[in-house]
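These notes concern the structure reproduced below.
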């Protein structure tokens, strides 16, 4: 298993990160993509990845903090992107649900970070909440063809647009609650599917209400296997291969 989207630098993991990583490894998690949401968390993700072979980092400023993106922030992210453990730019995108930054600044920060990803040859990790039409418009205008729509929440019409661009779709704990994601999962190409926790948020059943952590990505896989009528092992192998391909992760030692 690979958790393609975790926030291990958040305060919820400050006291027990070693135990969290131990439980993940014991449950079969082979790698974790640790996601930056602002400059400080991006720097921390790189630092944590440098200490753990199975952790990788992304860099970016979440739309909630889009009003903090200036030339100095972009320059620092671009500098950090040269680290070999950095595998993507993100979490970037638009959030029209909370609107914690003005929309025009969200859109500018989104485009600026897409341009940075293009310069560095990295995929993007896209946040899209209640902004499907605008997100797709920007992705198309910026000719984005590499990355993932994280914690996908749209219908199959939105999914089709992302898939047509060459993007992957990632699914998290909400698939265990009973959502419209079931239809998307059944219809989409299986070679474009990733799984994630988005921990410490979106804890899957039967742990809902507790802090989420990478070990619980297994519950997402179990539910997807049920939806597809496939074995857990088959979906586990498939999503691992997809994640390694999406982010350019090294193949597991000894793999065929």
Work out how much length residue 228 to residue 130 would gain on full extension: take 0.36 nm times their residue separation and subtract the Cα-Cα distance, in nm to one decimal. 32.6 nm
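Expressed as cubic angstrom per residue, what is the convex hull volume of the alpha carbon set of the chain? Could the numbers behind the result be given before it?
Working: hull volume 30.7 nm³, N = 256.
For the chain, the hull spanned by Cα atoms encloses 120 Å³ per residue.
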How far apart, in nm, are two points set 7 Å out from the Cα along the Cα-to-Cβ line at residue 47 and at residue 97? 3.0 nm
Note to self: C-alpha centroids of segment 150-217 and segment 116-131 sit apart, in Å, by 17 Å
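Taking the number of other C-beta atoms within 10 Å as the exposure measure, put 26, 107 in order starting with the fewest.
Working: 26 9, 107 20.
Fewest-to-most ranking of 26, 107: 26, 107.
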In nm, the gap between the two label points placed 7 Å beyond Cα toward Cβ at residue 207 and residue 155 is 3.3 nm
Between residue 67 and residue 183, what is the label-point separation in nm under the 7 Å Cα-to-beta-carbon projection? 3.7 nm
Quick one: Cα convex hull volume of segment 1-102, Å³ per residue? 103 Å³
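What ranking of 23, 223 emerges when the number of other C-beta atoms within 10 Å of each C-beta is taken as an exposure proxy, fewest first? Can you show the working numbers first?
On the way: 23 15, 223 24.
If I rank by nearby Cβ atoms, fewest first, I get 23, 223.
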Order of 227, 2 from fewest to most other C-beta atoms within 10 Å? 227, 2
For a quick check, take a GNM of the chain with Cα springs below 10 Å and name the residue from 24, 233, 159 with the largest mean-square fluctuation. 233
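We did not get these values from a lab; they are worked out from the coordinates using the rules stated. These numbers were taken from a predicted model, which means no experiment stands behind them. We place every Cβ from the backbone using ideal geometry, glycine too, and count neighbours over all the protein chains shown.
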